[in-house]
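Below is the structure I would like to discuss, written out as structure tokens.
The values are calculated or read from the model by the stated rules, or taken from the named source; none is laboratory data. All values derive from a computational prediction rather than experimental measurement. Note that we place each Cβ from the backbone using ideal geometry, even for glycine, and neighbour counts take in every protein chain shown.
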Amino acid sequence: MDVRQQRRKRNLVRAITETAAAPVLALLILAVWQVGVPLAGLSDFILPTPWQILRRIAVDHQLIATHASVTLFETLAGFAIAAVTGVGTALMIFYSRLFERAIYPLLVALQTIPKVALAPLLVLYLGYGFAPKLFLAFLLAFFPIVIATVVGLNGLDKAMVNLTRSMGANEWQTFFKVRLPSALPSLFGGLKVGISLAVIGAVIGEYVAAEKGLGYLQLQASSQFDTTLSFASMIVIAALGVVTFWSLEAMEKRAVFQREAAR
Amino acid sequence: MDVRQQRRKRNLVRAITETAAAPVLALLILAVWQVGVPLAGLSDFILPTPWQILRRIAVDHQLIATHASVTLFETLAGFAIAAVTGVGTALMIFYSRLFERAIYPLLVALQTIPKVALAPLLVLYLGYGFAPKLFLAFLLAFFPIVIATVVGLNGLDKAMVNLTRSMGANEWQTFFKVRLPSALPSLFGGLKVGISLAVIGAVIGEYVAAEKGLGYLQLQASSQFDTTLSFASMIVIAALGVVTFWSLEAMEKRAVFQREAAR
Amino acid sequence: MRDPAPATARLHGVSVAIENVTKIYELRDGSDLLALDRVDLAIAPGAFVAIVGPSGCGKSTLLSLVAGLAPVSTGKILIDGEEVKRPHEKVGVVFQTDLLLYWRTVMDNIMLPVEIKGWRRQDYLPKAERLLEQVGLAGFAGKYPSELSGGMRQRVAICRALVQEPGLLLMDEPFGALDALTREQMIADLQAMWLSVGNTVLFITHSIEEAVFLADRVLVMSPRPGRIDLDRTIDIERPRSWRSRTDVTFIEYMSEIRGIFEARGVLTKE
Amino acid sequence: MRDPAPATARLHGVSVAIENVTKIYELRDGSDLLALDRVDLAIAPGAFVAIVGPSGCGKSTLLSLVAGLAPVSTGKILIDGEEVKRPHEKVGVVFQTDLLLYWRTVMDNIMLPVEIKGWRRQDYLPKAERLLEQVGLAGFAGKYPSELSGGMRQRVAICRALVQEPGLLLMDEPFGALDALTREQMIADLQAMWLSVGNTVLFITHSIEEAVFLADRVLVMSPRPGRIDLDRTIDIERPRSWRSRTDVTFIEYMSEIRGIFEARGVLTKE
Amino acid sequence: QDTVNVRFSWKMKGEYGTYFLAQEKGLFKAAGLDVKLGEGAGAQAALGALIQGQEDIVVLPGVFALSAIQKGIPVKIIALYHPKTPVTLITYPEKAAKTPKDLVGMTVAHSVGETGTSYLDAFLRLNKVDPASVKRTLMNAQARVPAFIQKQVDVVSVYQTNDLPIIREQHKGTDFVVMDMVEFGLAVPGMALVTSDQNLVKKPDVLKRFLKASAAAVRDAKADPMAATQAIRKAWPSPPTETAVLEQVKATVGAIPVPAGHEIGWMEEKTITDALELLKSAGEIDAPKPAATYYTNVLLAP
Ligand SMILES: Nc1ncnc2c1ncn2[C@@H]1O[C@H](COP(=O)(O)OP(=O)(O)OP(=O)(O)O)[C@@H](O)[C@H]1O
Ligand SMILES: Nc1ncnc2c1ncn2[C@@H]1O[C@H](COP(=O)(O)OP(=O)(O)OP(=O)(O)O)[C@@H](O)[C@H]1O
Ligand SMILES: Cc1ncc(C[n+]2csc(CCO)c2C)c(N)n1
Ligand SMILES: [Mg+2]
Ligand SMILES: [Mg+2]
């Protein structure tokens, strides 16, 4: 059919431009950066060019990959714990106004306290190993997941809950059949914010106490004034953020029913 | 009426327990902390007791208040900018899939890059004054606001948009009459996460370059091994987070229609 | 633990007793709204009771109380002699709005009660397919609610309630969004189902014709606050045929009910 | 810029031309669904046209195309000779679902079109209050949608469309959730409004009686894909009274339309 | 074999080369010690772990230790390798500061807790320069050197044992003017070994053996700095060039005095009291306690 062919072509063109958008923008920024650094009279000691950074990543790819895998693992582990406990906490907040009133200030306070300043305590109780990174990745990711899940749960209409209840559903079933699916879009919003904060948490943890991981590598490099390696680490940290975010988006596409956009 | 009186009494009791919940929990935690520190054999150099911290806050209240007002101002200013530009960016993302595809990775990368590592660049380009704190408070608050707003906008049913369109509304009117009100619960979720991150941003900014603010005070205190003052600063930072969060919740209560809870 | 007994074992109707029930809503402006005022009603097992009444008189409210979805303000409701505190497991409801889950296909929406009751899906698939065909939606099992018309959605919601063969079926204007002919067909099907299954049905409708055709008893409710103004037993032989609507007895019942309605003066008259 | 001219100046009906319109929906499973198949229709300014047809035949689809809310797949639609690309400002719609904004009071919901068109609220408040009273909701201006019954919500939605006195009024089963008497009253009120205002009305209903009573022309649509099977002009004097439903001409029109319906065999017959 | 947990206060740097040399050459093992060397996350965290018994010895700047002990923390300096931290002020040739007097009118980069500039006032007064005539800009520690390189400030303090060799190597074209603050009278206690009062009582013998092996390593490194350089570079994930680390090691061992008749690390009481005066003049502490509160030489006795 003519209409069908036209539609297929249109979809293809759209898919291509949309896929190309991010790389094109990234390349554009890199180009401006590459050209801008010498123009601004910046020493590569302050800000290396992307080309220098990429070369460094290529040269030290093994070193960087080793550290990156550590950070990635810490991020994912901390995030996973945050996702599970975050949704659990959100449920308790949702079901109990009293709990909400009591716990919210505590959560906010925990969220706001400068983590780096807690280094002595963290090191004392969690040591210099895996634990403090896991803890910080978890802690930073936790709060946005809780908030977004609560928002998502609150968005459900009472009528829907009455529907499953009328079928004899217990709260558990109502949760999985109705509450969770309808909270998913918001929940995933929280997870997306959460995962990028988990990366930051892991990196801060590595600042506080580590002998490996990208945060360690970056701090180590910058305390040696190896700006290029420091930036290389930062770029890889950012890339870790982008990749985990994208993976989450891919999961979201599969898990969440995509309603027609109301544009 | 009997039923009415009963209800009024029930509401009063509930209001009291809910208001008391947070202070009671806080007192409980403080009590455990107070008793636990000596029991755990912790030196007050590592973790002072709440009583010591409170006494210190009382003694140095003037000093702390001066620094706190600086941090508060930075937080609020950065947050305000983040709220406005965050909603704007969310709108562009919502209306243009291409923009979304292009800009999301960049936002995530910006969000994930360790800010403290950017200190040299920040100092170079933003100086030592108000600007870097404002910038970091803004930057940290920005991302969750964008994500939550996009989620909120996406949650609207197409039928509602058709309703205002059928009345001849332009996109602007549709936004203010339908999209924004229905996105408000999610948007406020993002704002709440955002404001606590804005506090952190301001504090990090003070770590980077400052001669005032609670972050500076805390850093200064801990470099001199004045753990009590360091914790006093942290507690006040956390309190700043809680207070700004609460103010936002109070605004939310007034601005957002409170639907019947679907518990 | 749920009873995994075969479907036939659940299929006798239950009794319903509504005793001096009042329902007061607390409104947002702080005022109270008396929706139901001392309603008394006893429904025998297997009876088909229709309720008509002016819009806003409290029909849906009454249904939600019987379904155990909202608490009564005073009085009590008993199902099979047991006080209703939460939804009774033998009850199935067709709500006034379709309440389809937008992320589930038509078939998965219909399977919702089966999943919740912990029954085996494959035991109920043939029945669901038969129901879908009966309501004229044979090809739509895999489609999503957003791809259906208003009337189609309502028909799916009806299938969802019927698939469980509930001992007490509560229906709130189930045929409101259907065209005349589809409606007639579905009314006939509902009668057939009720005759064969023998469950109790509480049926809210705006159509006096529908009420008289289907019910053993037609209740007429007064304008808000809802009370039961008339409780008329309909003595017409079963199975009733759609043609019988023009019979004298049928017309007489309808006129009586209309008369009660009109006497109460629902809207302002010119 | 919007025209702040007095209400009376907007009140002549507009003409509608539907030319060879087809509508294909793309479904989620990748298949296409032909909802409307080459529909042709011309409506004179000020005419009252009713559409009946089986559930799912494409009535709401046709309405959304005329309202400019979805693009036609082929063909075109003209309002007052101007092709419809986006909603026409003289059109007012009553949708099949009420679509009330839950965070606005009843009155604020009714004032929505007034705000959007940039008119002065106080100019329209008296009219809105009159409408609310007419539909039996005098005390409910300050209540919220969640505090209303289904039929009450639908009546608010009708008030919202009528407050703008649109040149073309599109109504999708506006009286579906109303009891018999409230419905009769509202039908009478709608006729009176139409006679005094003189706007064009496109009225979708499931009640053949409603269609014949209100319309100049009744269109009968075929089952999906929707086509116009019958276009019957109703020659009954105005104003029509509710009693005239039992007149011979009235009954004849109804039988004819029923006949067309039945000929198409909507559902499976036993 | 006795286990000894050693915690550095910061990340790897050439300063720590001698410990890795001792490890590699088996000096610790020979002393019957199983030594675990760990990088740190700041002096505070390291000291905290020390007094809670998780660490046996912490390697950190001596001033930090003095300041902490003044606050009542139950630890003591048991060896001071750098009585005078080899800190310098560097400037560009165009706007050079060869002597303290040249600093007048210049801007110095300063960070919270930074040794070189925390005692700048005392240093200037010592050299008869009005402290008010030198401007300071406060910033994050990591931003100081970049700000200097980008010429936002005129002067920055750097360590011969750490940053100076690297900066020099990275800016080979620039002949930075280096003012050695030690030469102009600044004596800030640097690399120190600290243990808790508890450990001092519990396992003096183990600590003694550690100090002995550690001092032996210093002597070895003084003779062969390249060996220490290679030892630490092996344990270092991404080390600077060999030349730079070698410079760091050389400066480190060069600044470690060998006291006549005493083991390396032995402390004169005057070193400690002078340092306390310096801290007091900078407003970091009030009246000092008796000197014995801060240090002990008992573990260095033969
Ligand atoms: N959740 C609620 N909160 C407050 N008031 C309510 C609520 N639900 C219904 N009401 C009020 O109770 C009365 C009865 O409503 P109900 O929905 O039972 O009417 P109904 O008979 O089903 O009407 P309809 O035929 O229009 O559906 C109405 O006046 C309505 O305004
Ligand atoms: N958004 C949509 N996406 C896909 N298919 C749709 C959509 N809306 C309607 N349809 C399909 O188009 C056909 C016509 O639907 P429409 O809503 O116009 O019917 P209708 O005549 O209004 O029916 P009813 O009387 O039940 O409201 C139906 O088969 C329906 O499944
Ligand atoms: C080059 C270099 N950079 C940073 C530190 C950081 N540091 C180590 S101890 C301490 C005091 C606070 O605990 C701080 C800030 C360092 N030592 N050396
Ligand atoms: Mg109802
Ligand atoms: Mg329809």
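Conditions tested, residue by residue: (1) under 16 Å from A:Met234 (Cβ atoms); (2) without any contact (Cβ under 8 Å) to a residue 40 or more places away in the chain.
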position	(1), (2)
A:Val32	no, yes
A:Leu47	yes, no
A:Ile53	yes, no
A:Val59	no, yes
A:Thr66	no, no
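Now a separate question. In segment A:200-237, what residues are in contact with an Asp or Glu (Cβ under 9 Å, 6 or more places away or on another chain) and assigned to a loop (DSSP other than H, G, I, E, B)?
Answer for segment A:200-237, where residues must be in contact with an Asp or Glu (Cβ under 9 Å, 6 or more places away or on another chain) and assigned to a loop (DSSP other than H, G, I, E, B): A:Ala209, A:Ala210, A:Glu211, A:Lys212, A:Gly213, A:Gln224, A:Phe225.
While we're looking at this one, here's another question. Tell me, which helices (runs of 4 or more DSSP H) wholly within segment E:176-236 include 1 or more residues that are of a type in the set (Gly, Ala, Ser) and crowded, with 23+ Cβ neighbours inside 10 Å? Break it down stepwise before answering.
Values: elements: E:197-202, E:204-223, E:225-234.
Hits in segment E:176-236: E:204-223, E:225-234.
In this structure, does D:Leu101 turn out to be away from ligand 3 (no atom under 16 Å from the Cβ), farther than 17 Å from D:Arg38 by Cβ and among the aliphatic types (A, V, I, L, M)?
Spelling it out, D:Leu101 is indeed away from ligand 3 (no atom under 16 Å from the Cβ), farther than 17 Å from D:Arg38 by Cβ and among the aliphatic types (A, V, I, L, M).
Here is a yes/no grid of residues against (1) away from ligand 1 (no atom under 14 Å from the Cβ); (2) of a type in the set (D, E, K, R); (3) surrounded by fewer than 19 Cβ atoms within 10 Å (Cβ to Cβ); (4) at pLDDT below 95:
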site	(1), (2), (3), (4)
C:Ala5	yes, no, yes, yes
C:Gly13	yes, no, no, yes
C:Glu26	no, yes, yes, yes
C:Lys59	no, yes, no, no
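So which residues in segment D:74-111 are under 30 Å from D:Ala17 (Cβ atoms), touching an Asp or Glu at 6+ places or on another chain (Cβ under 9 Å) and not in a loop (DSSP other than H, G, I, E, B)?
D:Gly75, D:Lys76, D:Ile77, D:Leu78, D:Gly92, D:Val93, D:Val94
A further question on this structure: List pairs: first residue in segment A:203-214 and under 11 Å from B:Pro114 (Cβ atoms), second residue among the basic types (Lys, Arg) and at pLDDT below 90 anywhere in the structure, Cβ distance under 8 angstrom, at least six positions apart or on different chains.
Final answer for the pair search is A:Ile204/A:Lys115; A:Glu206/A:Lys212.
Follow-up question, since we're still on this one. Listed residues D:Val39, D:Val52; which is more than 9 Å from ligand 2 (Cβ to nearest atom), crowded, with 24+ Cβ neighbours inside 10 Å and within 14 Å of chain C (Cβ to nearest Cβ)?
Working: D:Val39 fails: within 14 Å of chain C (Cβ to nearest Cβ).
Just one listed residue meets the conditions, D:Val52.
For segment D:112-137, name all the residues that are of a type in the set (D, E, K, R) and not in a helix (DSSP H, G or I).
Once the filter is applied, which keeps residues that are of a type in the set (D, E, K, R) and not in a helix (DSSP H, G or I), segment D:112-137 yields D:Lys117, D:Arg120.
Residue check: is E:Pro100 more than 20 Å from the chain's Cα centre (by Cα), closer than 29 Å to E:Ser67 by Cα and crowded, with 20+ Cβ neighbours inside 10 Å?
yes
Please go through segment D:143-181 and pick out each residue that is within 16 Å of ligand 2 (Cβ to nearest atom), facing another protein chain (nearest Cβ under 7 Å) and hydrophobic (A, V, I, L, M, F, W, C).
Correct list: D:Ala177 only.
Do you know which of the residues in segment A:238-258 that are more than 7 Å from every other protein chain (Cβ to nearest Cβ) and not in a helix (DSSP H, G or I) is nearest to B:Leu156 (Cα to Cα)?
A:Gln258
Let me ask something else. Which residue out of E:Val158, E:Val145 is in a strand (DSSP E or B) and within 11 Å of another protein chain (Cβ to nearest Cβ)?
So the residue among E:Val158, E:Val145 that is in a strand (DSSP E or B) and within 11 Å of another protein chain (Cβ to nearest Cβ) is E:Val158.
What pairs come up if the first residue lies in segment D:197-208 and is assigned by TED's automatic domain parsing to the domain that holds D:Pro223, the second is assigned to a helix (DSSP H, G or I) and among the polar types (S, T, N, Q), and their beta carbons are under 9 Å apart, counting only those six or more places apart or on different chains?
Close Cβ pairs (under 9 Å, with a partner that is assigned to a helix (DSSP H, G or I) and among the polar types (S, T, N, Q)) amount to D:Ile204/D:Ser60; D:His206/C:Thr182.
Let me ask something additional. Show me the strands (runs of 3 or more DSSP E) found entirely inside segment C:143-232 where at least 2 residues are within 16 Å of ligand 4 (Cβ to nearest atom), more than 14 Å from the chain's Cα centre (by Cα) and buried (at least 24 other Cβ atoms within 10 Å of the Cβ).
Correct list: C:217-221.
Looking at (1) part of a loop (DSSP other than H, G, I, E, B); (2) of a type in the set (Val, Ile, Thr); (3) in contact with a strand residue (DSSP E or B) (Cβ under 6 Å, 6 or more places away or on another chain), can you tell me which one C:Ile236 breaks?
Here C:Ile236 meets the rest and fails (3).
Exactly one condition in (1) within 21 Å of D:Leu36 (Cβ to Cβ); (2) at pLDDT below 90; (3) more than 13 Å from chain C (Cβ to nearest Cβ) is not met by D:Ala215; state its number.
With respect to (1) within 21 Å of D:Leu36 (Cβ to Cβ); (2) at pLDDT below 90; (3) more than 13 Å from chain C (Cβ to nearest Cβ), D:Ala215 is out only on (2).
Checking the structure you have, find out if any residue of segment B:13-32 is touching a helix residue (DSSP H, G or I) at 6+ places or on another chain (Cβ under 8 Å) and more than 9 Å from chain A (Cβ to nearest Cβ).
yes
Here is a list: E:Leu164, E:Leu246. Which entry is outside any loop (DSSP other than H, G, I, E, B), more than 14 Å from ligand 3 (Cβ to nearest atom) and crowded, with 19+ Cβ neighbours inside 10 Å?
Of the residues listed, the single one that is outside any loop (DSSP other than H, G, I, E, B), more than 14 Å from ligand 3 (Cβ to nearest atom) and crowded, with 19+ Cβ neighbours inside 10 Å is E:Leu246.
Of the residues C:Pro113, C:Pro126, which is outside the structural domain of C:Leu65 (by TED's automatic domain parsing) and either within 16 Å of ligand 3 (Cβ to nearest atom) or under 20 Å from the mean Cα position of the chain (by Cα) (or both)?
Just one listed residue meets the conditions, C:Pro113.
May I pose another question? For segment D:129-142: of the residues being of a type outside the set (Gly, Ala, Ser) and either within 11 Å of chain B (Cβ to nearest Cβ) or within 23 Å of the chain's Cα centre (by Cα) (or both), which is farthest from D:Arg183 (Cα to Cα)?
Checked segment D:129-142; the qualifying residue farthest from D:Arg183 (Cα to Cα) is D:Glu129.
Looking at segment E:44-54, is at least one residue in a strand (DSSP E or B), within 14 Å of chain A (Cβ to nearest Cβ) and either touching a residue at least 40 places away in the same chain (Cβ under 8 Å) or among the polar types (S, T, N, Q) (or both)?
No, the conditions are met nowhere in segment E:44-54.
Just to be sure before I move on: is A:Glu211 under 25 Å from A:Leu126 (Cβ atoms) and crowded, with 24+ Cβ neighbours inside 10 Å in the structure I sent?
For A:Glu211, the condition - under 25 Å from A:Leu126 (Cβ atoms) and crowded, with 24+ Cβ neighbours inside 10 Å - is not met.
So which pairs qualify, if the first residue must be in segment A:135-150 and outside the structural domain of A:Gly88 (by TED's automatic domain parsing), the second must be not small (Gly, Ala, Ser), the Cβ gap must be under 7 Å, and the two must be at least 6 apart or on different chains?
none
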